[in-house]
Structure formats: C-alpha cells, structure tokens
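The next block holds one structure in the form of structure tokens; read it before the comments.
The values are calculated or read from the model by the stated rules, or taken from the named source; none is laboratory data. Owing to the predicted nature of the structure, the values given are computational and were not obtained by experimental measurement. Here Cβ is always computed from backbone atoms with ideal geometry, including for glycine, and neighbour counts include all displayed protein chains.
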Amino acid sequence: MGHFFFVLTNVDAEPILKQEIRLRYPDLRMSYSRPGFITFKADKEGPFDPLFCRVSGLCHGKFKLSELGTERAWVYPVHSGLELPPGLKALSEQSLFKKGETVRLIVMAGPEEFWVCSYTLRSHHFQTPGEISSILQRDVPSRAYYKIAEAYASFDLPFEQQETILELGSAPGGASLFLLEQDLKVMGVDPAEMDPKILKSINFKQIRKPFETLTGEDFRSGVDWIISDINLPPTVVLREVFRLLTFLEPRGLLVTLKMNDLKHLEVVASVRAQLRKQGFPKVELKYLPSHKKEICLLALHT
C-alpha cells in the first residue's frame, strides 16, 4: 500500500521544487495540491527530504473538522484569506513542540478542507506553524535583511562580537543593517550606493568595486565570515567564493544560491563535497521563509 508525502513551499519555488522531485525522487507522483501545498504519492517507503520547501513530511489524509480531535497540533492555513475556526486557532496557539518531537500539522486548504500531516522538528526549523517566519516586518533597505535574519535564527549562527564580515554585493544594505545590529564589523563590497544610515555606522566600510576584482591587497587583516546574497547564478558566485578562499581564511560562509535552472541543482549536489575539501566540515542547506527561487548555504570550520 502506498503512502503520501507533503511539502509546504513558497509559490515562487514550486517550479524548481517539482524539478527537484523529478530528479531526486523519480518514483513519486504528484497527488493533491494547492498553491504552496503539494502532496506526492509513493509506492514504497523511503527517505523524503527535498530542499526547496519550508517543511516536508508525511501526509495522513483529508479530514473533516469534526474528525480532527483536540490533541496537540499546529494549524496552518495555505493562504491569508482562510480564517481558522476558533477552536483550531486556540489549539495551535497553545501547542508546543520540542526539537526532535513529531509535529502534528493540520493544513487548512479550504473553508472545509483539512489535511493532517506530520514531520520531525529539527534544530534548523522555525518553531511556527507552517514554518512561517518569526521575524517582524520593519522599514529596512532591502529583502536581504529578512533573509539574513532568518538564517541567523534558523542556524543559530555563531557570530562573535566585533567579528569582521565580508559581504559581497552589499548594496543597498539590507543584510549589512542586520549584521551591524549584531555588533559586527562589515566590509561591504559593491560599487553601487549604500543606504545612508549604513554609511553612518563606524563599523561599516565600503569597498566600491566589483567583488570579482577583489585581491589580497584589499585586506589589511583577515575576515571571519564571507556572506553573499548576489543575484547571479550559483556557478558564478561559488567560483568567486572559492577564489577568495585562496587568500582569505574565514571561519564561516553564508551564501544565497539563486536557483533559476535545473542544472543548478547539480551544483547544489556537489558543493558539500567541494567545501569539505576546503576545510569546512559542517555544510548545511536551508530554504528560508523569505526565499523565492533560492536557497541558503552555510559552511563552518567548526
């Protein structure tokens, strides 16, 4: 007897997610779906851990509201136009899950349509229904602020006070703002204009040149982290990061990989081994709530 998997993803990522499923899980067949919520049928048990989704796991079927019961569960509506029944809303708000526990997730796909799913709560998950972002919206220079803030929360990034961050493609300053708020020193590499409030910080220095032209002469001292959210193919970004590693020795990398083509999936598949050869034993990939067709790469020396 077959069983079903589910994914919750952002609508922008659905095309690349479906490509990933065809590449990594060719035996799966698409089943029920709504924008951002997709289920797949499998004829036999096996691992299921796609990259391009906020969360994934087992789907146990569709149920009526009266059949859901009152046991501990998170409840997630697939779009903002759906209003949770008061009882389910209260249940979701009162339910807590610890890392390593199995989360019971009720996905509300329509006014009278509820799907019961489950997944293991891992260390990099947000502890929110549907893996939605816990970062508050505010006036920031760019969306990069939310991506770095979510990565910081999800990976529990081990930044240390006054560490030096080399940020590639820093303008207009969304990520730089978050990093400066963490009491870090930021070297922003970008010929474009930075947000004025970033330039006012004594902990920010701009290198006004293309990141591809950086050399060892641009650095009087080393850097602790290399961070990038550049809107270029991952082959280009990773090539430059590896070039920088020939004369810099950061203890961590945090790189957003823009995934606009099926061939980029092959890059992701091989990058773990490449970075381990470069001395980064810990390499993780994470699709963040603010992501579209992109994925976050973390590499640490320790």
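When each of 88, 51, 58 is tested for being over 19 Å from residue 115 (Cα atoms) and in contact with a Phe, Trp or Tyr (Cβ under 9 Å, 6 or more places away or on another chain), the lone residue that passes is 51. Taking the listed residues 226, 230, the one that is in a loop (DSSP other than H, G, I, E, B), in the same structural domain as residue 177 (by TED's automatic domain parsing) and more than 16 Å from residue 13 (Cα to Cα) is 230, with no other qualifying.
Of the residues 120, 128, 70, the single one that is over 30 Å from residue 206 (Cα atoms), surrounded by fewer than 16 Cβ atoms within 10 Å (Cβ to Cβ) and touching a residue at least 60 places away in the same chain (Cβ under 8 Å) is 120. Consider region 9-24 and keep the residues that are of a type in the set (A, V, I, L, M, F, W, C) and more than 17 Å from residue 296 (Cα to Cα). The one that is surrounded by the fewest Cβ atoms within 10 Å (Cβ to Cβ) is 11.
Check 133, 176 and return the single one that is assigned to a loop (DSSP other than H, G, I, E, B) and of a type outside the set (Lys, Arg). Step by step, each of 133, 176 is checked, and only 133 is assigned to a loop (DSSP other than H, G, I, E, B) and of a type outside the set (Lys, Arg).
When residue 173 is tested against (1) within 18 Å of the chain's Cα centre (by Cα); (2) crowded, with 19+ Cβ neighbours inside 10 Å, exactly one condition is not met: (1). With respect to the conditions (1) of a type outside the set (A, V, I, L, M, F, W, C); (2) at negative phi; (3) in a loop (DSSP other than H, G, I, E, B), residue 212 falls short on a single one, namely (3).
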